[in-house]
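Step one of this worksheet: look at the structure below.
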Amino acid sequence: MKELNGKSVRIFEGELIRRENRNREYLMKLQNHHLLRNYQLEAGRYTGRGSDPTARNGWEDPSCQLRGHFLGHWLSAAAFRYEENGDAELKAKAEAILDELALCQKDNGGEWAGPIPEKYLEWLAVGKMVWAPQYNIHKLFMGLVDVYSKMGSPKALEIAGKMADWFLRWSGKFSREEFDNILDTETGGMLEVWTDLYQITGEEKYRTLMDRYYRSRLFEPLLEGKDVLTNMHANTTIPEVLGCAKAYEVTGEEKWLRIAESYWKCAVTDRGYFATRGQTQGEIWTPKFKLKARLGDKNQEHCTVYNMIRLAEFLFRQTADPKYMHYIEYNVQNGIMAQTYWQGMPENGKPGNGLLTYFLPMKAGSRKDWAGEMDSFFCCHGTMVQANAAWNRRMFYQDGEKVYVTMYYNSCVDMEVKGVKVNLGVRQDYMNGSLMTSSENNARQTLGETASVFANKPDFKKYILTMNLEGEAAFAVNLRIPDWITGTAKVFVNGELMTATADTDKFVTVERTWKGGDQIILTLPIGLKTVSLPDDESMIAYLYGPDVLAGITDRERILYLESDRAEEELSADTERQWGDFRTFYKTENQDPGISLCKLNEIGYQPYQIYFKTKHCVNVEG
């Protein structure tokens with residue numbers, strides 16, 4: 001199965017376009033000499049004196065051992081954007097950066113092009129403390145590979161190839177045990193880039209590096225079914241396993257696939273997750289199904305969200321199992337959306353926007369800690385620009401004559417089936433009178449029927465899929481039924497009910513000979529649900545569809561319930577504003593009351609996700 005992406009998929013979803021544009025604006029705002037400063041310093045090409053008041057700080061400060069890592073993320077994000085829409089300005093900026101990187105590599109002796117000294121890696125071999133130099137260098141390799149693959153830059157591949165020669169020679173100095181000791185210090189996605197480069201070039205040196213970067217001390221226990229993750233740093237191992245996933249795609253060797261599957265089982269199936277589907281506290285995996293004691297101020301590191309989405313997407317392509325897309329949907333809505341490029345209303349002197357929050361706190365009364373554009377540049381800063389560079393991914397897939405629709409954002413895809421060019425469009429019918437057109441501001445007060453038919457927020461989502469093609473084509477359209485539905489989903493073709501199901505464990509398949517203008521209508525019942533912590537059923541979180549709801553409160557609140565259905569404690573609040581139905585709720589029986597909204601709409605307010613519940617005791621006198 002292959003993902004349909006790049007220029008073949010276009011998005012029309014307003015929020016996704018806003019995020020892409022904001023991300024693109026940020027990528028262009030960062031000046032080349034700031035992005036390259038640490039590379040130029042290492043190569044002796046920086047001629048400035050004293051400090052630069054406009055320079056980037058945080059992890060990009062020249063005193064930080066991870067300095068320079070962000071450039072690789074920048075290059076990847078620029079490449080993703082270019083692949084989607086051919087952004088010529090970003091391409092020109094990336095090419096100028098590559099030109100300077102090539103000069104840095106030349107001045108460093110022809111191989112090394114990193115922003116840190118080679119001796120950092122020599123320190124690893126003798127056990128001297130140094131902060132993850134291979135993690136750092138991987139980012140540059142990653143960016144170079146993406147720029148070559150998606151922008152077609154031969155210079156990027158040339159720089160990567162010369163630097164790989166350094167790693168081939170360096171890693172060859174050690175015995176297997178000695179190099180295993182080195183691999184115990186975070187390597188990032190080095191295995192993945194060696195595999196990428198092996199696929200691109202076929203050169204044996206990359207296969208040699210793949211074998212050397214096989215981390216047996218992690219992979220073998222995983223294959224044996226051991227718990228290698230409890231209380232271990234999460235984002236150290238996820239990129240390593242993404243390397244295994246890539247190695248399976250390139251070599252077809254089953255062992256690589258089994259490692260990726262075993263990791264998923266250990267990290268997700270056998271461990272559980274928060275209502276958001278995210279995990280971790282303080283960057284480490286929680287114990288299996290023991291989350292209550294880990295509700296803190298440093299939950300759900302953004303990098304883990306981004307990288308686990310990548311692993312889930314790989315496993316989906318291998319299995320066509322919708323559970324992986326369910327997982328991705330929650331992590332997108334309550335991770336990427338909740339932790340990056342927030343936009344809302346200014347309130348209490350706070351701005352109406354937020355760039356990035358490294359963690360997503362789960363502790364009651366916590367706040368998101370928004371980073372600035374130039375003051376942090378930690379790891380999540382990098383995955384932020386990658387995650388928001390191109391939102392036209394993970395929506396459509398094709399396997400021969402089978403088409404899979406996995407996400408229902410307003411979008412369209414161009415594809416070819418049996419030699420016939422097909423355009424499939426997806427749009428949501430919001431059933432809201434279409435942005436105030438129920439009463440146009442003209443002398444006659446033109447009226448529309450939709451607004452009165454759906455007087456209140458509909459209890460289902462409605463999506464319209466339209467076929468555009470010349471002639472006919474026979475193929476199957478597979479529709480994902482999300483696991484958040486509250487009843488029976490229905491599928492109509494050209495107005496005729498084809499199937500109704502509440503089964504979310506498989507795709508609904510509509511197979512026929514399609515003609516231009518054919519329409520599929522999918523209706524998905526939606527409403528409030530609650531989920532409990534696996535180790536305390538009395539601790540609940542509310543969801544509306546895939547969106548986790550957060551209560552606005554600066555202190556921990558207990559919910560006192562009058563019935564066994566916690567959903568009955570909430571009622572709609574300011575349900576409609578202007579042309580939109582909104583997802584706002586309020587409690588009915590709490591004093592004082594609590595307002596709830598989507599977690600991804602929270603900006604600077606204090607909030608609570610999990611609530612302890614107690615049942616009211618009625619005493620009749």
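What's the number of the only condition in (1) within 30 Å of Gly354 (Cα to Cα); (2) free of Cβ contacts under 8 Å to residues at least 40 places away in the same chain; (3) open to solvent by 40 Å² or more (accessible area, probe 1.4 Å) that Glu254 fails to meet?
Going through (1) within 30 Å of Gly354 (Cα to Cα); (2) free of Cβ contacts under 8 Å to residues at least 40 places away in the same chain; (3) open to solvent by 40 Å² or more (accessible area, probe 1.4 Å) one by one, Glu254 breaks only (1).
Is there any pair linking a residue in the range 279-291 that is in contact (Cβ under 8 Å) with a residue 24 or more places away in the chain to one that is open to solvent by 40 Å² or more (accessible area, probe 1.4 Å) and of a type in the set (A, V, I, L, M), with Cβ under 8 Å and at least six apart or on different chains, and which?
Ile284/Met232; Trp285/Met232
Quick one: which of Ala113, Ala164, Ala92, Ala156 is open to solvent by 30 Å² or more (accessible area, probe 1.4 Å) and not basic (Lys, Arg)? Step through it out loud before you land on a result.
Values: Ala113 fails: open to solvent by 30 Å² or more (accessible area, probe 1.4 Å); Ala164 fails: open to solvent by 30 Å² or more (accessible area, probe 1.4 Å); Ala156 fails: open to solvent by 30 Å² or more (accessible area, probe 1.4 Å).
None of the others qualify; the one that does is Ala92.
Tell me the residue from Thr187, Thr195 that is assigned to a loop (DSSP other than H, G, I, E, B), among the β-branched types (Val, Ile, Thr) and under 25 Å from the mean Cα position of the chain (by Cα), please. Quick ask: steps written out before the conclusion?
Working: Thr195 fails: assigned to a loop (DSSP other than H, G, I, E, B).
After applying the criteria, what remains is Thr187.
List pairs: first residue in the range 463-475 and closer than 10 Å to Ile521 by Cβ, second residue among the aromatic types (Phe, Trp, Tyr) anywhere in the structure, Cβ distance under 6 angstrom, at least six positions apart or on different chains.
Tyr463/Tyr408
Is at least one residue of the range 322-338 within 12 Å of the chain's Cα centre (by Cα), touching a residue at least 60 places away in the same chain (Cβ under 8 Å) and at positive phi?
No, that holds for no residue.
So, restricting to strands (runs of 3 or more DSSP E) that lie completely within the range 334-401, which ones have at least 1 residues that are crowded, with 24+ Cβ neighbours inside 10 Å and polar (S, T, N, Q)? Explain how you work it out, then say what you get.
Working: elements: 340-343, 353-357, 396-399.
It comes to 340-343.
When residues of the range 270-297 are filtered for being over 22 Å from Ile540 (Cβ atoms) and surrounded by fewer than 21 Cβ atoms within 10 Å (Cβ to Cβ), how many remain? Before you say what the answer is, go through the steps one by one.
Of the range 270-297, the ones over 22 Å from Ile540 (Cβ atoms) are 270, 282-285.
Cutting the leftovers down to surrounded by fewer than 21 Cβ atoms within 10 Å (Cβ to Cβ) gives us 270, 282-284.
Residues that pass the stated criteria total 4.
Are any residues in the range 360-401 aromatic (Phe, Trp, Tyr) and under 14 Å from the mean Cα position of the chain (by Cα), and if so, which ones?
At the first step, the residues of the range 360-401 found to be aromatic (Phe, Trp, Tyr) are 370, 377-378, 391, 396-397.
Of everything in the range 360-401, just one residue is aromatic (Phe, Trp, Tyr) and under 14 Å from the mean Cα position of the chain (by Cα), namely Trp391.
Check whether at least one residue in the range 419-430 is aromatic (Phe, Trp, Tyr) and crowded, with 19+ Cβ neighbours inside 10 Å, and report yes or no.
Of all residues in the range 419-430, those aromatic (Phe, Trp, Tyr) come to 430.
Then drop every residue that is not crowded, with 19+ Cβ neighbours inside 10 Å, which leaves none.
Within the range 419-430, not a single residue is aromatic (Phe, Trp, Tyr) and crowded, with 19+ Cβ neighbours inside 10 Å.
Would you check which residues across the range 502-551 are within 18 Å of Glu569 (Cα to Cα) and aromatic (Phe, Trp, Tyr) and list them?
Tyr542, Tyr544
Say we look at the range 447-473 and pick out the residues that are more than 27 Å from Thr406 (Cα to Cα) and open to solvent by less than 50 Å² (accessible area, probe 1.4 Å); which of these is modelled with the lowest pLDDT?
Only one residue tops the list, namely Gly448.
Would you kindly identify the strands (runs of 3 or more DSSP E) lying entirely within the range 474-537 that contain at least 3 residues that are of a type in the set (A, V, I, L, M, F, W, C) and either under 20 Å from Met325 (Cβ atoms) or open to solvent by 60 Å² or more (accessible area, probe 1.4 Å) (or both)?
On the way: elements: 489-493, 496-501, 508-515, 519-525, 528-533.
Passing ranges, in order: 519-525.
The values are calculated or read from the model by the stated rules, or taken from the named source; none is laboratory data. The shown structure was predicted, so the numbers you read here are calculated from the model rather than taken from an experiment. Methodologically, a virtual Cβ is constructed for each residue, glycine included, from the backbone with ideal geometry; neighbour enumeration extends over all protein chains shown. Accessible surface areas use protein heavy atoms only, side chains included; no ligands, DNA or RNA. Shrake-Rupley method; radii C 1.70, N 1.55, O 1.52, S 1.80 Å.
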